[in-house]
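Student: This structure is in structure tokens; I'll ask about it shortly.
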């Protein structure tokens, strides 16, 4: 992998870990209030040391996998950090920017998933497939980890996470569903309603800008196409498109988040093509 990507991600991960430790030290009640989130702290610390150990070895083919695991391990800590340390949120600013961009209304305000149960279920299913898409692609390239394409894949993937976490910390925001357009508690279909309830439990309150659902879905689909997996990419294209639409339709992102996610996907795709391990 590219050394700059490795060290950039380790730097942002270390910063998030330090913030998480400081938040818990500031308020020990978080250990019970956010027990599951705090439990990710020792896991993340272990993965951080595993990444440093892997980097010090001559053979670094597992580095991308370890970094990806670390990217998921530190995510729950954002909820703890948001609760204890974040006093300012960017929702108002993102709302104003979105209103300026979409003729006076934020983009999600043009849709009402409560009145479209079948469409909501379809898009909610796509939204859930995001996790299968990401994990499946990581497993694929973990098995090909000794190839240059695998190294380039992880370069692009981790670049997205680096920019994403910097965005979360710089412009912490909860998103329309938890700021200006809350769920009404009715409609939305069977699958949609279950997903909405699951997301409510896992939301960190600061993971909106940019949309990593958008960036990762588009990047992975495009990279698979470039790597010769044309049939898989064609199958994934409508799912990836559905994921992007779902982030707006279900009110999890502002329009500007999705646009920034598209731009980030393009940058990561170009970087993964141009960079060398």
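Student: Fewest first, what order do 54, 126 take by the number of other Cβ atoms within 10 Å?
Tutor: Placing the least packed residue first, the sequence is 54, 126.
Student: Considering only 31, 94, 48, give the residue with the highest GNM mean-square fluctuation for the chain, with springs between Cα atoms whenever their separation is below 10 Å.
Tutor: 31
Student: Across 5 Å bins from 0, what is the distribution of all Cα-Cα pair distances for the range 102-235, in whole percents?
Tutor: Bin by bin from 0 Å, the calculated values are 2, 9, 15, 18, 18, 15, 12, 7, 3, 1, 0.
Student: Okay, moving on. Among 149, 1, rank each residue by its count of other Cβ atoms within 10 Å, from fewest to most, as a rough exposure measure.
Tutor: Going from sparsest to densest Cβ surroundings: 149, 1.
Student: Here is a further query. Alpha carbon centre of the range 2-67 versus the range 203-251: separation in Å?
Tutor: A separation of 25 Å, based on Cα centres.
Student: Here's another thing I want to ask about it. Per DSSP H run of at least 4 residues, take -39500 (n - 2.57); add these up for the chain, divide by its residues and hand me the 222 nm value, nearest 500 deg cm²/dmol.
Tutor: Using -39500 (n - 2.57) per qualifying helix, the result is -24000 deg cm²/dmol.
Student: May I ask for the equivalent-ellipsoid semi-axes of the range 1-85, computed as the square root of five times each C-alpha gyration tensor eigenvalue and listed largest first in whole Å? Spell out each step's value before the answer.
Tutor: Details: eigenvalues 142, 25, 17 Å².
Result for the range 1-85: semi-axes of 27, 11, 9 Å.
Student: If you don't mind, there's one more thing I want to ask. Stretched out fully, how many nm does the piece from residue 110 to residue 3 gain, at 0.36 nm a residue minus the Cα gap?
Tutor: Length gained between residue 110 and residue 3: 34.2 nm.
Student: Which FRET efficiency value, to the nearest 0.05, is calculated for residue 28 and residue 263 with the Förster distance at 41 angstrom and r the Cβ-Cβ distance?
Tutor: Efficiency computed from Cβ-Cβ geometry: 0.50.
Student: Another one. Among 212, 237, 264, which one shows the biggest mean-square fluctuation in a GNM of the chain, springs joining Cα atoms closer than 10 Å?
Tutor: 237
Student: Let me check against my output: what whole-number percent is the relative contact order of the range 128-277, with C-alpha pairs under 8 Å and at least 6 apart? Could you put the intermediate results ahead of the total?
Tutor: Details: 162 pairs, mean separation 53.8, N = 150.
36 percent.
Student: Read through the labelled values (i) 16.4; (ii) 17.9; (iii) 14.5 and report the label of the one computed as mean projected area of the Cα convex hull in nm² from the structure.
Tutor: After the calculation, the listed value that fits is (iii).
Student: Express the relative contact order of the chain as a whole percentage, based on alpha carbon pairs under 8 Å and six or more residues apart in sequence. Walk me through the numbers before you get to the answer.
Tutor: Details: 390 pairs, mean separation 72.9, N = 277.
Relative contact order for the chain comes out at 26 percent.
Student: Right, here's the next one. If I take every Cα pair under 8 Å that is 6 or more residues apart in the range 1-85, average their sequence separation and divide by the length, what percent do I get for the relative contact order?
Tutor: RCO, the range 1-85: 45 percent.
Student: Could you check how many percent of all C-alpha pairs in the range 112-187 are farther apart than 22 Å?
Tutor: In whole percent, the share of Cα-Cα pairs in the range 112-187 beyond 22 Å is 50.
Read-outs: derived from the displayed coordinates by stated rules, not from any lab. Please read all numbers here as calculations on a predicted model, not as lab measurements. Cβ sites come from the backbone with ideal geometry, for glycine too, and all protein chains shown count toward neighbours.
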